[in-house]
């Protein structure tokens, strides 16, 4: 899967989507996704397989299990195993649900 394919797949959830950030954030809920780091497999003193760590961030003004399930279901459909964390950003008044996963290649 490529980053372009990830973008298109996230858009099918039906929420506003942006890479890294919105210049003018829409009304929540919305999604932001970004590359966070690499975890390439190395062999013979070179990068052998590209492994990219990505995160999808769901922002909402309230805890919304239905919207969270839509995101989880999409990641499962894309066969992207993920871990999930959650925090409340007081300064923004928003819940952030973070889905972390790896993509190989792309």
Inset, instruction - Using only the alpha carbon atoms of region 58-106, find the Kirkwood hydrodynamic radius as the inverse mean reciprocal pair distance, in angstroms to one decimal. - result: 11.8 Å
Inset, instruction - Against the globular-protein guess of 2.2 N^0.38 Å, express the Cα radius of gyration of region 9-49 as a ratio, rounded to two decimals. - result: 1.78
Legend entry - Over the chain, equivalent-ellipsoid semi-axes from the Cα gyration tensor in Å: 27, 14, 13
Inset, instruction - Which order do the peptides 54-65, 10-21 take when ranked by the mean count of other beta-carbon atoms within 10 Å per residue, highest first? - result: 54-65, 10-21
Legend entry - Rounded tilt (10° steps) of 65-77 against the dominant C-alpha axis of the chain: 20 degrees
Inset, instruction - May I ask for the distance between the Cα centers of region 6-30 and region 45-84, given as a whole number of Å? - result: 13 Å
Inset, instruction - Grab the DSSP H runs of the chain that are 4 residues or longer, score each as -39,500 (n - 2.57), total them, divide by all residues and round the 222 nm result to the nearest 500 deg cm²/dmol. - result: -6500 deg cm²/dmol
Inset, instruction - Could you run the Debye sum over the Cα atoms of region 40-79, one equal point scatterer each and no solvent, and tell me log10 of I(q)/I(0) at q = 0.16, 0.23, 0.31, 0.32 Å⁻¹, two decimals? - result: -0.59, -0.80, -1.04, -1.06
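FYI, it's all coordinate maths here, none of it is from the lab. Because the structure is predicted, anything quoted here is derived from the model rather than measured. Backbone-built Cβ (ideal geometry, glycine too); neighbour counts: all protein chains shown.
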